[in-house]
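The values are calculated or read from the model by the stated rules, or taken from the named source; none is laboratory data. Fair warning: this is a prediction, and the values are worked out from it, not measured in the lab. Neighbour counts run over all protein chains shown; Cβ positions are idealised from the backbone, glycine included. What goes into the accessible areas is simple: the full protein's heavy atoms, side chains included, and nothing from ligands, DNA or RNA. Shrake-Rupley method; radii C 1.70, N 1.55, O 1.52, S 1.80 Å.
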Amino acid sequence: MSTDESRVAEEAVGTRSETTVDVRCTGHVRREVGEHRFSYTFEGTTLRAFLDAFFEEYDVADMLIADTEEEATAHGWVPDEVEAAGDWAKNPEGEQTRAFARVAVNGRFNEHLDGLDTELREGDRVALMYPFMFCC
């Protein structure tokens, strides 16, 4: 759901509201945004509404959000055919973070919560992480 659709839905049920969160940026996101910690107020109450507003103001969406499964997948030492132990849940395609990038709410990665539909409350911490990576 886009920001406009969220806004229309909230207005229809009379729940349109603003939320202020504590944003923390690391790595490349920090470099692009220019600050590592600040308060940010947006219309709505979900991580999706926050990201839509934040990305409209700061051009870092391509740095964090993967459009395809390929962009969300890290390639490395483990063969693709190895099956991971336990229960694994992924956000739907288009709502995943890029390989090595993460979005966290109060220290928990969004895919361990309700993805982009995670509800945000006043004062929650939203971390936008895309680390600097160096190789030999």
Quiz item: Is it true that some residue in region 41-49 is open to solvent by 60 Å² or more (accessible area, probe 1.4 Å) and at pLDDT 95 or above?
Solution: yes
Quiz item: Which is touching a Ser or Thr at 6+ places or on another chain (Cβ under 7 Å) and at pLDDT 65 or above, of Asp67, Asp62, Asp52?
Solution: Asp52
